[in-house]
Amino acid sequence: GRTTMVAANVEDCLDKNANGMIDTSQGPNDVRAWGTDECILWDKQWPYAGQFQDGPRGTTWTPGTWDYDQCKYVNPKVWIGYQAPGQVAHFVRVAVDGTVEETVMVQGWNGQGYSPYGGALDPEFRPWMGGLRGEFVRINTDQNPITVTRYTPPGNVQSYGFTVDQDGNPWFGGNCGPVTTFDVKNQAYVSVPGLNGCWRGVAADEKYVWVASNGPCGLVQIDRETRTLIKFHNTNPCSTAIGLSIDVEKNVWLVDQGGFAWKFDPDNVPGMKKVDVAGSHYVYSDMTGGQLLSVVPQ
(Lines give C-alpha, C1' and ligand atoms only; values in the text may rest on other atoms or scores of the structure.)
Protein backbone atom coordinates (compact mmCIF):
# COMPACT_ATOMS: atom_id res chain seq x y z
CA GLY A 1 0.00 0.00 0.00
CA ARG A 2 2.94 2.35 -0.45
CA THR A 3 4.41 4.57 -3.14
CA THR A 4 8.06 5.62 -3.10
CA MET A 5 9.79 8.24 -5.22
CA VAL A 6 13.51 7.76 -5.88
CA ALA A 7 15.75 10.32 -7.58
CA ALA A 8 17.53 8.86 -10.60
CA ASN A 9 20.27 11.51 -10.59
CA VAL A 10 22.47 12.18 -7.58
CA GLU A 11 22.15 15.94 -8.08
CA ASP A 12 18.43 15.59 -7.29
CA CYS A 13 19.02 13.73 -4.00
CA LEU A 14 18.83 15.49 -0.62
CA ASP A 15 21.59 15.66 2.00
CA LYS A 16 19.15 14.96 4.84
CA ASN A 17 21.79 14.43 7.53
CA ALA A 18 23.83 17.48 6.45
CA ASN A 19 27.14 15.62 6.30
CA GLY A 20 28.11 17.25 3.02
CA MET A 21 27.56 14.16 0.86
CA ILE A 22 24.79 12.02 -0.55
CA ASP A 23 24.42 8.70 1.27
CA THR A 24 22.88 6.29 -1.21
CA SER A 25 23.14 2.61 -2.08
CA GLN A 26 25.97 1.87 -4.52
CA GLY A 27 25.15 -1.69 -5.54
CA PRO A 28 24.19 -5.18 -4.36
CA ASN A 29 26.94 -5.16 -1.73
CA ASP A 30 26.02 -1.70 -0.45
CA VAL A 31 22.28 -1.49 0.20
CA ARG A 32 21.35 1.14 2.79
CA ALA A 33 18.77 0.51 5.50
CA TRP A 34 15.24 1.62 4.71
CA GLY A 35 14.84 5.32 5.40
CA THR A 36 18.56 6.13 5.27
CA ASP A 37 19.07 6.36 1.50
CA GLU A 38 19.09 10.05 0.63
CA CYS A 39 17.95 9.46 -2.95
CA ILE A 40 14.56 8.34 -1.63
CA LEU A 41 12.73 11.65 -1.87
CA TRP A 42 9.45 10.57 -0.32
CA ASP A 43 7.41 7.56 0.68
CA LYS A 44 3.66 7.43 1.24
CA GLN A 45 1.35 4.93 2.87
CA TRP A 46 -2.09 5.06 1.26
CA PRO A 47 -5.35 4.26 3.10
CA TYR A 48 -5.89 1.16 0.96
CA ALA A 49 -8.18 -1.77 1.73
CA GLY A 50 -5.38 -3.83 3.26
CA GLN A 51 -4.80 -6.76 0.88
CA PHE A 52 -1.98 -6.96 -1.65
CA GLN A 53 -4.46 -6.69 -4.52
CA ASP A 54 -5.75 -3.37 -3.16
CA GLY A 55 -2.45 -1.50 -3.15
CA PRO A 56 -1.32 1.01 -5.79
CA ARG A 57 -0.66 -0.42 -9.27
CA GLY A 58 -1.95 1.88 -11.99
CA THR A 59 0.48 4.80 -12.40
CA THR A 60 1.02 7.43 -15.07
CA TRP A 61 2.92 10.69 -15.38
CA THR A 62 1.77 14.05 -16.69
CA PRO A 63 4.50 16.38 -17.99
CA GLY A 64 3.01 19.50 -16.38
CA THR A 65 2.64 22.82 -18.17
CA TRP A 66 4.83 24.34 -20.87
CA ASP A 67 7.04 27.22 -19.71
CA TYR A 68 7.99 29.36 -22.70
CA ASP A 69 10.78 31.16 -20.84
CA GLN A 70 12.49 27.93 -19.77
CA CYS A 71 11.51 26.13 -23.00
CA LYS A 72 10.41 23.01 -21.12
CA TYR A 73 7.55 21.44 -19.20
CA VAL A 74 7.43 22.30 -15.50
CA ASN A 75 5.47 21.02 -12.49
CA PRO A 76 5.02 17.41 -13.61
CA LYS A 77 2.55 15.25 -11.70
CA VAL A 78 2.07 11.59 -10.93
CA TRP A 79 -1.36 9.91 -10.94
CA ILE A 80 -1.70 6.75 -8.84
CA GLY A 81 -4.66 4.41 -8.43
CA TYR A 82 -5.41 2.16 -5.45
CA GLN A 83 -8.47 0.51 -3.91
CA ALA A 84 -9.83 1.79 -0.59
CA PRO A 85 -12.22 -0.10 1.72
CA GLY A 86 -15.72 -0.60 0.33
CA GLN A 87 -14.63 -1.25 -3.28
CA VAL A 88 -13.84 2.43 -3.82
CA ALA A 89 -11.07 3.30 -6.28
CA HIS A 90 -8.96 6.30 -5.33
CA PHE A 91 -7.08 8.21 -8.03
CA VAL A 92 -4.58 10.64 -6.52
CA ARG A 93 -2.56 13.39 -8.14
CA VAL A 94 0.81 13.84 -6.46
CA ALA A 95 3.37 16.60 -6.99
CA VAL A 96 7.04 15.70 -7.33
CA ASP A 97 7.62 16.82 -3.73
CA GLY A 98 5.08 14.25 -2.50
CA THR A 99 2.20 16.66 -1.89
CA VAL A 100 -1.18 15.04 -2.59
CA GLU A 101 -3.04 17.68 -4.59
CA GLU A 102 -6.20 15.86 -5.63
CA THR A 103 -8.10 12.68 -4.78
CA VAL A 104 -10.81 11.46 -7.15
CA MET A 105 -13.00 8.60 -5.90
CA VAL A 106 -14.93 6.04 -7.94
CA GLN A 107 -17.53 4.01 -6.07
CA GLY A 108 -18.14 0.35 -6.90
CA TRP A 109 -14.87 -0.13 -8.77
CA ASN A 110 -15.01 -3.18 -11.03
CA GLY A 111 -11.57 -4.74 -11.39
CA GLN A 112 -12.03 -8.37 -10.37
CA GLY A 113 -11.19 -7.45 -6.78
CA TYR A 114 -7.98 -5.63 -7.77
CA SER A 115 -7.09 -1.98 -7.63
CA PRO A 116 -6.74 -0.05 -10.93
CA TYR A 117 -4.30 -2.27 -12.80
CA GLY A 118 -2.69 -0.08 -15.46
CA GLY A 119 -2.29 3.62 -16.23
CA ALA A 120 -1.58 5.73 -19.31
CA LEU A 121 -1.93 9.27 -20.59
CA ASP A 122 -3.78 10.59 -23.63
CA PRO A 123 -2.75 13.51 -25.90
CA GLU A 124 -4.89 15.92 -23.87
CA PHE A 125 -2.92 14.91 -20.76
CA ARG A 126 -5.88 13.08 -19.26
CA PRO A 127 -4.93 9.99 -17.24
CA TRP A 128 -6.64 6.68 -18.04
CA MET A 129 -6.73 3.71 -15.68
CA GLY A 130 -7.68 0.16 -16.62
CA GLY A 131 -9.13 -2.51 -14.38
CA LEU A 132 -8.16 -6.17 -14.47
CA ARG A 133 -10.76 -7.86 -16.70
CA GLY A 134 -13.15 -5.06 -15.77
CA GLU A 135 -13.90 -1.41 -16.36
CA PHE A 136 -11.57 1.42 -17.32
CA VAL A 137 -11.87 5.14 -16.65
CA ARG A 138 -10.74 8.45 -18.08
CA ILE A 139 -9.94 11.13 -15.50
CA ASN A 140 -11.09 14.38 -17.08
CA THR A 141 -8.45 16.76 -15.77
CA ASP A 142 -9.52 19.28 -18.42
CA GLN A 143 -12.73 19.88 -16.44
CA ASN A 144 -13.18 21.84 -13.22
CA PRO A 145 -14.07 20.15 -11.00
CA ILE A 146 -12.43 16.99 -12.33
CA THR A 147 -14.87 14.32 -13.51
CA VAL A 148 -14.48 10.65 -14.38
CA THR A 149 -15.83 8.85 -17.45
CA ARG A 150 -16.35 5.12 -16.85
CA TYR A 151 -16.37 2.45 -19.56
CA THR A 152 -17.26 -1.23 -19.31
CA PRO A 153 -16.01 -3.29 -22.27
CA PRO A 154 -17.69 -6.47 -23.54
CA GLY A 155 -17.01 -9.54 -21.41
CA ASN A 156 -14.78 -11.18 -24.02
CA VAL A 157 -12.20 -8.35 -23.87
CA GLN A 158 -10.75 -9.66 -20.56
CA SER A 159 -8.38 -6.70 -20.28
CA TYR A 160 -4.95 -7.15 -18.68
CA GLY A 161 -2.24 -5.14 -20.44
CA PHE A 162 -3.26 -1.52 -21.04
CA THR A 163 -1.98 1.56 -22.86
CA VAL A 164 -3.27 4.61 -24.78
CA ASP A 165 -2.00 5.51 -28.26
CA GLN A 166 -1.23 8.93 -29.73
CA ASP A 167 -4.80 9.26 -31.04
CA GLY A 168 -6.12 8.86 -27.49
CA ASN A 169 -7.46 5.34 -28.02
CA PRO A 170 -6.94 2.78 -25.22
CA TRP A 171 -5.60 -0.69 -26.10
CA PHE A 172 -6.12 -3.90 -24.11
CA GLY A 173 -4.34 -7.23 -24.14
CA GLY A 174 -6.95 -9.81 -23.14
CA ASN A 175 -5.98 -12.56 -20.71
CA CYS A 176 -7.43 -14.60 -22.13
CA GLY A 177 -9.25 -12.88 -24.99
CA PRO A 178 -8.55 -10.69 -28.02
CA VAL A 179 -6.31 -7.67 -28.46
CA THR A 180 -8.79 -4.79 -28.51
CA THR A 181 -8.81 -1.03 -28.91
CA PHE A 182 -11.55 1.36 -27.89
CA ASP A 183 -12.19 3.88 -30.67
CA VAL A 184 -12.98 6.99 -28.62
CA LYS A 185 -14.31 9.00 -31.57
CA ASN A 186 -16.79 6.31 -32.59
CA GLN A 187 -17.29 4.92 -29.08
CA ALA A 188 -16.71 1.40 -30.41
CA TYR A 189 -14.61 -1.59 -29.34
CA VAL A 190 -12.52 -3.02 -32.19
CA SER A 191 -10.69 -6.34 -31.80
CA VAL A 192 -7.72 -7.20 -34.00
CA PRO A 193 -8.65 -10.19 -36.22
CA GLY A 194 -6.89 -13.45 -35.51
CA LEU A 195 -5.56 -12.49 -32.08
CA ASN A 196 -7.60 -14.41 -29.54
CA GLY A 197 -5.17 -15.67 -26.91
CA CYS A 198 -3.49 -14.94 -23.58
CA TRP A 199 -1.81 -11.53 -23.66
CA ARG A 200 0.05 -9.45 -21.10
CA GLY A 201 1.80 -6.09 -21.51
CA VAL A 202 0.89 -3.62 -24.28
CA ALA A 203 2.81 -0.62 -25.65
CA ALA A 204 2.09 1.72 -28.57
CA ASP A 205 4.44 3.90 -30.59
CA GLU A 206 3.90 6.07 -33.67
CA LYS A 207 3.31 3.16 -36.05
CA TYR A 208 2.85 -0.03 -34.08
CA VAL A 209 1.17 -1.62 -31.10
CA TRP A 210 3.26 -4.30 -29.37
CA VAL A 211 1.74 -7.05 -27.23
CA ALA A 212 3.42 -9.73 -25.11
CA SER A 213 2.02 -13.21 -25.75
CA ASN A 214 1.87 -16.16 -23.35
CA GLY A 215 0.25 -18.67 -25.64
CA PRO A 216 2.41 -19.23 -27.57
CA CYS A 217 5.23 -17.28 -25.94
CA GLY A 218 6.41 -14.37 -28.04
CA LEU A 219 5.66 -10.88 -29.31
CA VAL A 220 2.91 -9.52 -31.56
CA GLN A 221 3.35 -6.52 -33.85
CA ILE A 222 0.16 -4.70 -34.91
CA ASP A 223 -0.37 -1.87 -37.38
CA ARG A 224 -1.75 0.86 -35.13
CA GLU A 225 -3.82 2.65 -37.76
CA THR A 226 -5.31 -0.32 -39.64
CA ARG A 227 -5.61 -2.43 -36.45
CA THR A 228 -4.35 -5.50 -38.24
CA LEU A 229 -1.70 -8.08 -37.37
CA ILE A 230 1.69 -7.51 -38.99
CA LYS A 231 3.61 -10.44 -37.52
CA PHE A 232 4.00 -12.79 -34.60
CA HIS A 233 7.67 -12.74 -33.53
CA ASN A 234 9.22 -15.69 -31.74
CA THR A 235 11.91 -14.95 -29.19
CA ASN A 236 14.52 -17.55 -28.34
CA PRO A 237 14.56 -18.14 -25.45
CA CYS A 238 11.05 -17.31 -24.26
CA SER A 239 9.78 -18.15 -20.79
CA THR A 240 6.88 -15.87 -19.79
CA ALA A 241 6.76 -12.64 -21.78
CA ILE A 242 5.13 -9.98 -19.61
CA GLY A 243 6.26 -6.35 -19.73
CA LEU A 244 6.42 -4.02 -22.72
CA SER A 245 7.58 -0.43 -22.75
CA ILE A 246 9.14 2.14 -25.05
CA ASP A 247 12.17 4.13 -23.91
CA VAL A 248 13.13 7.74 -24.61
CA GLU A 249 15.21 6.64 -27.63
CA LYS A 250 12.07 4.91 -29.02
CA ASN A 251 13.47 1.42 -28.54
CA VAL A 252 11.01 -1.26 -27.45
CA TRP A 253 11.70 -3.41 -24.38
CA LEU A 254 10.09 -6.80 -23.83
CA VAL A 255 10.66 -8.12 -20.31
CA ASP A 256 10.49 -11.86 -19.74
CA GLN A 257 9.79 -13.22 -16.28
CA GLY A 258 12.49 -15.83 -16.86
CA GLY A 259 15.33 -13.43 -15.97
CA PHE A 260 15.99 -11.50 -19.15
CA ALA A 261 14.65 -8.83 -21.49
CA TRP A 262 14.76 -8.06 -25.22
CA LYS A 263 15.58 -4.61 -26.61
CA PHE A 264 14.99 -3.71 -30.25
CA ASP A 265 14.50 -0.97 -32.80
CA PRO A 266 10.83 -1.09 -33.88
CA ASP A 267 11.92 -1.15 -37.52
CA ASN A 268 14.42 -3.97 -36.95
CA VAL A 269 12.76 -6.56 -34.76
CA PRO A 270 15.02 -9.43 -35.96
CA GLY A 271 17.97 -7.44 -34.62
CA MET A 272 16.71 -7.59 -31.05
CA LYS A 273 19.33 -7.93 -28.31
CA LYS A 274 18.96 -10.10 -25.21
CA VAL A 275 19.65 -8.39 -21.89
CA ASP A 276 20.15 -10.68 -18.91
CA VAL A 277 18.59 -9.42 -15.69
CA ALA A 278 18.82 -12.01 -12.93
CA GLY A 279 15.66 -12.91 -11.05
CA SER A 280 11.97 -13.08 -11.83
CA HIS A 281 10.60 -9.79 -13.13
CA TYR A 282 6.86 -9.19 -13.16
CA VAL A 283 6.58 -5.80 -14.83
CA TYR A 284 4.18 -4.19 -17.24
CA SER A 285 2.70 -0.80 -18.22
CA ASP A 286 4.99 2.18 -18.88
CA MET A 287 8.03 1.12 -16.85
CA THR A 288 10.41 3.53 -18.65
CA GLY A 289 8.25 6.66 -18.80
CA GLY A 290 9.13 6.84 -22.49
CA GLN A 291 5.52 6.24 -23.49
CA LEU A 292 5.04 9.97 -22.97
CA LEU A 293 6.80 10.46 -26.31
CA SER A 294 3.60 9.24 -27.95
CA VAL A 295 1.51 12.06 -26.51
CA VAL A 296 3.85 14.96 -25.65
CA PRO A 297 4.58 17.36 -28.55
CA GLN A 298 8.25 17.14 -29.54
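The values are calculated or read from the model by the stated rules, or taken from the named source; none is laboratory data. All figures in this text were calculated on a predicted structure; none of them were measured in a lab. Heads up, the Cβs are rebuilt from the backbone with ideal geometry, glycines too, and the neighbour counts pull from every protein chain shown. Accessible surface areas use protein heavy atoms only, side chains included; no ligands, DNA or RNA. Shrake-Rupley method; radii C 1.70, N 1.55, O 1.52, S 1.80 Å.
Ranked by the mean number of other Cβ atoms within 10 Å of their residues, highest first, the peptides 226-238, 243-255 come out as 243-255, 226-238. Between T99, T3, N110, the Cα set farthest toward the positive side of the dipole of the range 1-125 (charges on each charged residue's Cβ, about the Cα centre) is that of N110.
Size of the dipole of the range 186-278 about the Cα centre, Lys and Arg at +1 and Asp and Glu at -1 on the beta carbon, nothing else charged, in debye to 20? Please report the intermediate quantities before stating the final value.
Working: 9 positive and 10 negative charges, 43 e Å.
The dipole of the range 186-278 has a size of about 200 debye.
For the range 193-253, which semi-axes, largest first and in whole Å, follow from the square roots of 5 times the eigenvalues of its Cα gyration tensor?
On the way: eigenvalues 60, 48, 16 Å².
They are 17, 15, 9 Å, listed from largest to smallest.
What residue among H281, V295, G27 has its Cα farthest toward the positive end of the dipole of the chain, where the charges are +1 on Lys, Arg and -1 on Asp, Glu, each on the Cβ? Result: H281. Would you count, across the chain, every pair of lysines whose alpha carbons are under 26 angstrom apart, provided the pair is eight or more residues apart or spans two chains? Value for the chain: 21. Binning the C-alpha pair distances of the range 54-116 at 5 Å intervals from 0 yields a P(r) profile of 4, 18, 23, 18, 14, 10, 6, 4, 2, 0 %, listed from the shortest bin outward.
Each Lys or Arg adds one and each Asp or Glu subtracts one; over the other residues with Cβ under 11 Å from the Cβ of N110, this totals +1. Applying the criteria of a DSSP loop state and at most 12 other Cβ atoms within 10 Å to the GluC sites (Glu not before Pro) of the range 86-135 yields E124.
No solvent, one uniform scatterer per C-alpha: report log10 I(q)/I(0) for the chain via the Debye equation at q = 0.13 1/Å, two decimals. The Cα Debye sum returns log10 ratios of -0.96.
Tally up the carbon and sulfur contribution to the accessible surface of the range 118-193 as a whole percent, 1.4 Å probe, everything protein left in place.
Numbers: 1220 of 2690 Å².
The computed percentage sits at 45.
A Cβ-based charge dipole, computed about the Cα centre of the range 35-118 with Lys and Arg at +1 and Asp and Glu at -1, lands at about 340 debye.
Packing, taken as the mean count of other beta carbons within 10 Å per residue, orders the peptides 1-10, 281-290, 47-56 from highest to lowest as 281-290, 47-56, 1-10.
Counting only cysteine Cβ atoms and a cutoff under 4.7 Å, the chain contains unmatched residues C71. Excluding ligands, DNA and RNA, the accessible surface per residue across the range 140-204 is 40 Å² with a 1.4 Å probe.
Between the range 261-298 and the range 172-191, how many Å separate their Cα centres? So the two Cα centres are separated by 22 Å.
Where does the range 1-104 land on Rg(C-alpha)/(2.2 N^0.38 Å)? If you can, show how the numbers build up before the last one.
On the way: Rg = 16.3 Å, N = 104, 2.2 N^0.38 = 12.8 Å.
Expressed relative to 2.2 N^0.38 Å, the Cα Rg reads 1.27.
Here the translational diffusion coefficient of the range 59-161 follows from Stokes-Einstein with Rh set to the Kirkwood radius across Cα pairs; for 37 °C and 0.692 mPa s it amounts to 230 µm²/s. Identify the residues of the range 108-146 with backbone N under 17 Å of a label point that sits 7 angstrom from the Cα of C176 along the Cα-to-Cβ direction, or state none. Only 133 pass the distance filter. Fully extending the segment from D30 to V74, taken as 0.36 nm per residue of separation minus the present Cα-Cα distance, adds 12.5 nm.
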